[in-house]
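Participant: One structure coming up, written as structure tokens, with questions to follow.
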Amino acid sequence: MKLTINTSFPENGSSQSLLILVDSEQLQNTTSTYQINNLDRLIEASQFKAALAESLSLIGQVSQSSHAALIGLGKVAELQPAKLAKIAQTIIQATQKKFKQISVDLTQLPQELHYLFALALTQASYGYDEYKSKKNEFVLEQIDLIATHSVLTTEQLQLVQAVQSGQNLARDLGNRPSNICFPEYLADQAIALAAEYPDLLKVTVLDEQQMADLGMGAFLAVSQGSERPGRIISIEYQSERSEAPVVLVGKGITFDTGGISLKPGAGMDEMKYDMCGAASVLGTMRALCESRLALHVVGTIAAAENMPSGKATRPGDIVTTMSGQTVEILNTDAEGRLVLCDTLTYVKRFNPALVIDIATLTGACVVALGSVLTGLFTPDDKLAAELETAGQHSFDRVWRMPVIDDYQEQLDSPFADIGNIGGPKAGSVTAACFLQRFTREYRWAHLDVAGTAWNSGANKGATGRPVPLLMQFLANRVQTNG
């Protein structure tokens, strides 16, 4: 989706539809910019109030465009960022199958919301029809934004477009079924991305023998139950700067049955989404390539399938991690932390400035935060503040949760250095505390996206979060570091 920003409607432009955002308390001011015939009569006849996402067709009434409509913002003074998605969805649903190019007038939308609204438009335009015989037939290619005054810049719109591309990739990967998207497939996707951007990316893939040679007993305890071999995939993005990298680590369990600790059958189809952390890393790497941000980033994916079989790990088994710590596997459905702990040890070789892991890790985080906020765990106050700020700027928000030593004793095991679960209390916290034991040598944050990486129900599908958060965090880092 191409986005532009303009100060007025182009008289000789190719825009096929004009959508005008209107404040319910400034309806009449619309006529000051556009020549709308019979506006008062239309408003009275339709009882148009410009309520949130309410629309009023102006076909044949606006001299500047044959197809036009007013789109209500409600009371702008009360407008919250959370409402922008509904307005964007109204616009996209009305236009994406009809017009290649549209214009959206933002003049009555507060300037501080322009960036988020542009992002919301790109997010609303996503559709997934890869395995449907009847395709969506979307034709919308360009949105021209209009505002007499705006803080939006061309560079910001380029970032929005890059985020859209990365977020769409993450959504596509999350939505693909596990018979298509398995660990080796994720490795192939990384290799294909590097082939597309050979000047920016370098990919390294570890197979199971290489992992065994490195002593990754925890990772292999998960992957050994499946016919699909596990992979650790590292994608290095190197711009002209050679500083210590930001390392992103994504959980890539391409299907999670729970292993021997088998999950209930109802809803198990959604366990294809257990690789959404990995998908967000791949999506962020694509977005980086398109935006060409000037920094050094490594994306590392822990890809495995968790299956029950004669070779699967049993509850009570003890394994040795790459770090040398031993783990008693009390529940094979707490597998994400097992593949992550060895991967978090492995990424020390990159001498990271900081590490952020992204994982659909715990149902407990869904209970705590639902599907609105991503759980943020870090002992680093400065890093937490940076991620919280990026979350607000991208409207891909996080909520800081505790990761303190008081919870560590819940992970004690009588037979090994650590158990892989901490009991029924504070499950998302003890999961983070488990990971913390493998991250003491660098700055680290953990994002539990179990509630935000996909939606269930009527709008079922991957969200592509937290690609917007990660890209905003990285863009802010570039701006701060110059």
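Participant: Let me have the relative contact order for the chain, percent, based on Cα pairs under 8 Å that are six or more residues apart.
Facilitator: 14
Participant: Roughly how many Å² of Arg41 are accessible to a 1.4 Å probe, to the nearest 10?
Facilitator: 150
Participant: With a 1.4 Å probe and all protein chains left in place, how much of the accessible area of segment 2-152 comes from carbon and sulfur atoms, in whole percent?
Facilitator: Carbon and sulfur: 45 percent of the exposed surface of segment 2-152.
Participant: Moving to a separate point now. What is the extension gain from Lys100 to Asp188, computed as 0.36 nm multiplied by their sequence separation minus the C-alpha to C-alpha distance, in nm to one decimal?
Facilitator: Value of the extension gain: 28.4 nm.
Participant: Counting only protein heavy atoms and using a 1.4 Å probe, what share of the accessible area of segment 160-481 belongs to carbon plus sulfur, as a whole percent?
Facilitator: 50
Participant: Let me ask something else. Can you compute the modelled spin-label distance between Lys311 and Asn38, with each label point 7 Å from Cα toward Cβ, in nm?
Facilitator: 7.4
Participant: Could you rank Met322, Met216 by how accessible they are, 1.4 Å probe, largest area first?
Facilitator: Ranking Met322, Met216 by accessible area, largest first, yields Met322, Met216.
Participant: If R0 is 45 Å, what FRET efficiency do you get for Ala45 and Asn179 from their C-beta distance, rounded to 0.05?
Facilitator: E between Ala45 and Asn179, to the nearest 0.05, is 0.25.
Participant: How tilted is helix 154-175 with respect to the longest principal axis of the chain? Cα atoms for both, answer in degrees (0 to 90, nearest 10).
Facilitator: In the chain, helix 154-175 runs at an angle near 50 degrees to the longest axis.
Participant: Follow-up. At R0 = 41 Å, how high is the FRET efficiency between Ala266 and Val372 if r is their beta carbon distance? Nearest 0.05 is fine.
Facilitator: Efficiency, from the Cβ-Cβ distance: 0.95.
Participant: Rolling a 1.4 Å sphere over the protein heavy atoms, what is the accessible area per residue of the chain, to the nearest Å²?
Facilitator: Using a 1.4 Å probe on heavy atoms only, each residue of the chain averages 41 Å².
Participant: Out of these labelled values of mean projected area of the Cα convex hull in nm², (i) 30.4; (ii) 20.0; (iii) 23.9, which was calculated from the coordinates shown here?
Facilitator: Comparing each candidate, only (iii) matches the computed number.
Participant: Quick check on segment 41-122: take the gyration tensor over C-alpha atoms, sort the square-rooted eigenvalues as a ≥ b ≥ c, and tell me if it's rounded (a/c under 1.5), prolate or oblate.
Facilitator: Note, shape of segment 41-122 comes out oblate.
Participant: Once fully extended, how much extra length lies between Ala212 and Gln238, figured as 0.36 nm per residue of separation less the alpha-carbon to alpha-carbon distance?
Facilitator: 6.5 nm
Participant: Now, a different point. Which of the three applies to segment 114-252, rounded, prolate or oblate, going by the alpha-carbon gyration tensor with a ≥ b ≥ c and a/c under 1.5 meaning rounded?
Facilitator: It comes out oblate by the Cα gyration axes.
Participant: With just the Cα atoms defining each centre, how far is segment 1-77 from segment 391-412? Give it in Å.
Facilitator: 44
Participant: Which is farthest toward the positive dipole end of segment 359-463 among Ala458, Ala368, Thr378, measuring Cα position about the Cα centre, with Cβ charges +1 (Lys, Arg) and -1 (Asp, Glu)?
Facilitator: Ala458
Participant: When a/c reaches 1.5 or more, the comparison of a/b and b/c decides; with that in mind, is segment 320-384 rounded, prolate or oblate per its Cα gyration tensor?
Facilitator: Because a/c hits 1.5 or more and a/b fails to exceed b/c, segment 320-384 counts as oblate.
Participant: When the helices in the chain are scored as -39500 (n - 2.57) per DSSP H run of 4 or longer and the sum is shared across all residues, what 222 nm value do you end up with, to the nearest 500 deg cm²/dmol?
Facilitator: Taken over the chain, the calculation gives -10000 deg cm²/dmol.
Participant: Over segment 2-152, what is the relative contact order in percent, taking alpha-carbon pairs closer than 8 angstrom and at least six residues apart?
Facilitator: 34
Participant: Which entries of Lys49/Lys75; Lys132/Lys460; Lys135/Lys460; Lys86/Lys134; Lys2/Lys75; Lys135/Lys272 show an alpha-carbon separation above 20 angstrom in the structure shown?
Facilitator: Lys86/Lys134; Lys2/Lys75; Lys135/Lys272
Participant: Between Tyr197 and Ser456, what length in nm is gained on full extension when 0.36 nm per residue of separation is reduced by their alpha carbon distance?
Facilitator: Taking 0.36 nm per residue and subtracting the Cα distance, the gain is 89.8 nm.
The values are calculated or read from the model by the stated rules, or taken from the named source; none is laboratory data. Since we're looking at a predicted model, the values are computed, not measured. FYI the Cβ positions are ideal-geometry reconstructions off the backbone, even for glycines, and counts take in every protein chain you see. For accessibility, only protein heavy atoms count, side chains too; no ligands or nucleic acids. Shrake-Rupley method; radii C 1.70, N 1.55, O 1.52, S 1.80 Å.
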